[in-house]
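Take a look at the structure below.
The values are calculated or read from the model by the stated rules, or taken from the named source; none is laboratory data. Predicted, not measured: the structure shown is a model, and the values here were computed from it. Glycine also receives a Cβ, built like all others from the backbone with ideal geometry; neighbour counts cover every protein chain displayed.
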Amino acid sequence: MNKTVDKLKKRIAVSQQNHPADFILRNACVADVFSLSWTTADVVVADGMIVAIDSTGSFEAREEMDAMGRYVVPGLIDGHIHIESSMLTPSAFGHVLLPHGVTTVVTDPHEIANVSGMAGIRFMLDDAKNSPMDIFVMLPSSVPSASFENAGAILEASDLQPLLSHPSVLGLAEVMDYPSVLSGSDKMLTKLAITQEAGMRIDGHGAGLQNDEIRGYRAAGIQTDHECVSADEARNRVAQGMYVLIREGSAAKNLHDILPAVTEHNARRFLFCTDDKHLDELVSEGSIDHAIRLAIAAGMVPLQAIQLATLNAAECYGLSQKGALASGFEADFILLDDLDTFAISAVWKKGMKVAENGKMVVFPTSTTKCPENILHSVHLPDLTEEKLSIPFHNGTTANIMKIIPNQLVTQHIIETVDVVDGAFVANVEHDQLKLAVIERHHLKHSIGLGIVKGFGLKKGAVATTIAHDSHNAIVLGANDSDMMVAVKTLQDMQGGLVVVNEGRVIASLSLPVAGLMTQVPLDEAVRSLATLHEALHSIHPTIDFHLFLTLSFLSLPVIPALKLTDTGLFDVTSFKHIPVEQI
């Protein structure tokens, strides 16, 4: 208490010019995200907080820097991200995002929770303390995401409740099990109730939901949706009082489709998120800064886009000291070389410069030791061609999952396929490949098999233990033998990404932390991903979308239309399993 009082006294004294500031960024064109205006002023900082936006130039400080008239905007906030999808642990994650101006993220650790349960969530919370950025957590609401697949853990309300008092926890993450909500399941509603009773937030996951179903979500107290894929869906959510998170990630790129819904009258109900974005794309194009650039290029006023990425996100999640440049707000800010291209010169976190010219200038090194059970989470059965066989008894017509590049939804199509000796055979000319999802948590030997179209693979196989949300092993192949090699490699390296051709592993990246995250240095991980993409081009020369991330969502049975889990082919529209053979 006394330390807090002393800090308050100092800040007040600095604000009244009775004590020198710690730092001043002078001669800046400062963003006012409250009124969408710019002002020429100095940013005055004490104890990591802004104490003045001063236009008189009369404050003094121990350290100062001249912005030379350049634009200064608040640190960016990602409203919804799964850090595990970056393949980095929380302590390493900030080193990628801070150079892109993202100073705060709201994460849902449901990827690791589906593998390792509460131990996984606690690891993420503990390791996040070592991050140079601020990481807040929404507790996973749906582990597993549905009852008809096998995950590594099951989390009930009683498991989650003790963590609601954790200082980094903001509420309950994306409620994706909408049938349980709308049917009034006691287990699901108890999770909603304990969150509401704690005065905390609840995120939604309204993929494909219609007006009356969203109405049920709102009646349940669910406040956000990041699954909109059209402007009409976004307008519907906003009209019912929800925040809409405009998603621009690696697999799902919805910004251009949703942007027409944003107007000067409703813009305060929109913010940006990435949801899932792979490490290579985070490094090369950025995160929320990339969304801002796209929005500006599409015609949005720059300061409006910045407001979505800062103040709107902060207010949505109750982060009252973030998202703006004003006295009483945290000193998280970005110096821009150019506004229209959102070219970042330097980034400050709580008044300390942490990145400059796209590189970190501070390097915290602390990490949290990962428990052994999280490092050894892959338990796969030995595969045979018989186990991978998809039998056809009455003909050659199949229910096929067709992917849509850069989208999470799939299409349900019916086509004639090749059948030899009563079993499906992949046909690369017709782009009909075999897909398998294999339970990898408890060695249950459950394997779901299906046929997928749209990947365009010409040979070989690819496999990963990143398979939302239960994160069983998923393998795509043009032939069974390469698929078996790929799965064995996943077992040997305790999870990761692998590309196989002609019985040989041509590229891989080990992800031993729950089969989701790497422990190798950032530069090494980036190089390995580049090698993986080169290998993908060798078996698919014309690929123009993120294959691994698209693949990883084909096992998520809460997003239409067809998905594949370890228990079989699932029709999300009718919410039931269907056979591969069309009868």
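Numbers below:
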{"item": "Checking residue 130 against (1) surrounded by fewer than 20 Cβ atoms within 10 Å (Cβ to Cβ); (2) in contact with a Pro (Cβ under 9 Å, 6 or more places away or on another chain); (3) within 27 Å of residue 410 (Cβ to Cβ), the condition it does not meet", "result": "(3)"}
{"item": "Failed item in (1) touching a Lys or Arg at 6+ places or on another chain (Cβ under 8 Å); (2) without any contact (Cβ under 8 Å) to a residue 24 or more places away in the chain; (3) closer than 29 Å to residue 121 by Cα, with residue 332 passing the rest", "result": "(2)"}
{"item": "Residues that are in a loop (DSSP other than H, G, I, E, B) and either hydroxyl-bearing (Ser, Thr, Tyr) or under 18 Å from residue 305 (Cβ atoms) (or both), drawn from the range 77-103", "result": "89, 101"}
{"item": "Test: residue in the range 113-126 that is charged (D, E, K, R) and in a helix (DSSP H, G or I)", "result": "yes"}
{"item": "Number of positions in the range 51-95 that are touching a residue at least 40 places away in the same chain (Cβ under 8 Å), of a type outside the set (Asp, Glu) and over 30 Å from residue 275 (Cβ atoms)", "result": "12"}
{"item": "Whichever residue in the range 510-540 is hydroxyl-bearing (Ser, Thr, Tyr) and not in a helix (DSSP H, G or I) and, among such residues, is farthest from residue 440 (Cα to Cα)", "result": "518"}
{"item": "Test set (1) part of a loop (DSSP other than H, G, I, E, B); (2) surrounded by fewer than 24 Cβ atoms within 10 Å (Cβ to Cβ); (3) among the hydroxyl-bearing types (Ser, Thr, Tyr) - residue 555 fails condition number", "result": "(2)"}
{"item": "Helices (runs of 4 or more DSSP H) contained in the range 251-301 and holding at least 1 residues on the phi > 0 side of the Ramachandran plot and buried (at least 19 other Cβ atoms within 10 Å of the Cβ)", "result": "none"}
{"item": "Scan of the range 541-583 for residues that are under 22 Å from residue 445 (Cα atoms), of a type in the set (A, V, I, L, M, F, W, C) and in contact with a strand residue (DSSP E or B) (Cβ under 7 Å, 6 or more places away or on another chain), ordered by number", "result": "551, 554, 556, 564, 569, 570, 578, 580"}
{"item": "Any hit, the range 374-382, residues being loosely packed, with under 14 Cβ neighbours inside 10 Å and more than 30 Å from residue 556 (Cβ to Cβ)", "result": "no"}
{"item": "So residue 283, is it touching a strand residue (DSSP E or B) at 6+ places or on another chain (Cβ under 8 Å), of a type in the set (Val, Ile, Thr) and assigned by TED's automatic domain parsing to the domain that holds residue 176", "result": "no"}
{"item": "Residue check, residue 244 in contact with a Cys (Cβ under 8 Å, 6 or more places away or on another chain), free of Cβ contacts under 8 Å to residues at least 60 places away in the same chain and surrounded by 18 or more Cβ atoms within 10 Å (Cβ to Cβ)", "result": "yes"}
{"item": "Selection count, the range 454-506, where residues are touching a residue at least 12 places away in the same chain (Cβ under 8 Å), on the phi < 0 side of the Ramachandran plot and not in a loop (DSSP other than H, G, I, E, B)", "result": "29"}
{"item": "Single residue of the range 541-551 satisfying the filter (β-branched (Val, Ile, Thr) and not in a helix (DSSP H, G or I)) that is farthest from residue 486 (Cα to Cα)", "result": "542"}
